[in-house]
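Comments concern the structure below.
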């Protein structure tokens, strides 16, 4: 079990549950999914429910609470008995009292517990136990024994967490032993219902929905400071009504829901950053979160977030403009001086196919070509890392330098890199977070206006 993937481990647990129930488990799944029309797919395969703010009005809010459903999809599978053999089961086909899936019209077996439901119930229970033990141990005086126990329980709850994360996707995987698309659709249908329920309860309490993403809601009261105790009481009401724990993730001093980079009027689902009341910052969907971002750019954006964390309100944020621009100018100077170590400029990309199968000789292909010259074979799905030397060099082999080639051929920590390329990345990283609080042309240089053509459409 310890050497299995999360999907493999989940299948092993589900197989154990099935055998305990005296079910026959086929070695390989052979059942073919029932074909669906386009209309059927539109009706049932809708995914999670999303609310986004109107970017043409505002995407910046003060005094916002974020509430999250705890392990929403696994909990739905357990609470509503979602399992391949239980959705549209033949034994309850003519039973009008059988539970129904919202919108989809599927029925769920009421005569037996499903394999997936039972398996996930056990995983949820064990993870809850490990997290309880963690809290108890962290409250005790720190000793070598408690530190060891904390590591022990934390590793186990983290492993179970990823099994729970995997469980939803695996339920819809056509080759999974215990996968079925109708079960997958049923989970999201119940998820949409519960998010709407949370919205309705919050609005009855006088809150306005700022944003919502599948299993969490962002709430505010125009011009009012939020009361934590009131929010916790409302979260408890949502928990009781939905059957799934709703918890307070935190209260933001301010939060920015970031739009598309291509069109500032187009909202994006999971791109935001905000400051909690304790001064900590939470962010999603930005360069600092991406694993393919050069560490120099990532660290520069993290420094920007540290400056933004000083702002306790939108007005206070605006007053930090000079400090932000000072940081930006300093980072630009470091790039222009050509002194940034090449290790901080590495970009990481995932190979989509075998080297010989690439039709377009892009950066990934050229990095793989250099590795091939070093007798290093890169398979599809593996990662390659490279430095951008000069994107406009007439010799394509001199446009990029793989990490391995850089380590072998360069004696110095610094190599000549494409300053304009990395300056553009830096500008985008700053512009992404700070465009709401600065003049439209703050990050556009007179000699290179094309670097930001098309950005700043929000006005």
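May I ask you to say which residue of 28, 66 is at pLDDT 80 or above and over 24 Å from residue 122 (Cβ atoms)?
Unique residue meeting the criteria: 66.
Quick check on region 158-165. Is at least one of its residues in a helix (DSSP H, G or I), under 13 Å from residue 84 (Cβ atoms) and at pLDDT below 90?
no
Results for (1) closer than 23 Å to residue 228 by Cβ; (2) touching a helix residue (DSSP H, G or I) at 6+ places or on another chain (Cβ under 9 Å); (3) touching a residue at least 24 places away in the same chain (Cβ under 8 Å), shown as yes or no for each residue.
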residue	(1), (2), (3)
262	no, no, yes
271	no, yes, no
275	yes, yes, yes
289	no, yes, no
300	no, yes, yes
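If a residue has to be within 20 Å of residue 334 (Cα to Cα), in contact with a strand residue (DSSP E or B) (Cβ under 8 Å, 6 or more places away or on another chain) and in a helix (DSSP H, G or I) to count, how many in region 407-442 make the cut?
So the count comes out to 2.
Kindly check whether there is at least one residue in region 49-60 that is at negative phi, outside any strand (DSSP E or B), surrounded by 13 or more Cβ atoms within 10 Å (Cβ to Cβ) and at pLDDT 85 or above.
Yes.
Is at least one residue of region 201-219 at pLDDT 90 or above, more than 17 Å from residue 66 (Cβ to Cβ), out of contact with any helix residue (DSSP H, G or I) (no Cβ under 8 Å at 6 or more places or on another chain) and assigned to a helix (DSSP H, G or I)?
Yes: region 201-219 contains one or more residues that are at pLDDT 90 or above, more than 17 Å from residue 66 (Cβ to Cβ), out of contact with any helix residue (DSSP H, G or I) (no Cβ under 8 Å at 6 or more places or on another chain) and assigned to a helix (DSSP H, G or I).
Just give me the residues in region 100-148 being within 15 Å of residue 76 (Cα to Cα), without any contact (Cβ under 8 Å) to a residue 24 or more places away in the chain and assigned to a helix (DSSP H, G or I), in sequence order.
Selection gives 125 alone.
When only residues in region 255-265 that are in contact with a strand residue (DSSP E or B) (Cβ under 8 Å, 6 or more places away or on another chain) and either assigned to a loop (DSSP other than H, G, I, E, B) or surrounded by fewer than 21 Cβ atoms within 10 Å (Cβ to Cβ) (or both) count, which is modelled with the highest pLDDT?
Filtering first and then ranking leaves 260.
Restrict the check to region 77-93 and report whether at least one residue is within 30 Å of residue 268 (Cβ to Cβ) and either out of contact with any strand residue (DSSP E or B) (no Cβ under 6 Å at 6 or more places or on another chain) or surrounded by 14 or more Cβ atoms within 10 Å (Cβ to Cβ) (or both).
yes
When you check residue 188 against the structure, is it on the phi < 0 side of the Ramachandran plot, assigned to a helix (DSSP H, G or I) and buried (at least 22 other Cβ atoms within 10 Å of the Cβ), yes or no?
yes
The values are calculated or read from the model by the stated rules, or taken from the named source; none is laboratory data. Worth saying up front: this structure is predicted, and the values here are computed from it rather than measured. Here Cβ is always computed from backbone atoms with ideal geometry, including for glycine, and neighbour counts include all displayed protein chains.
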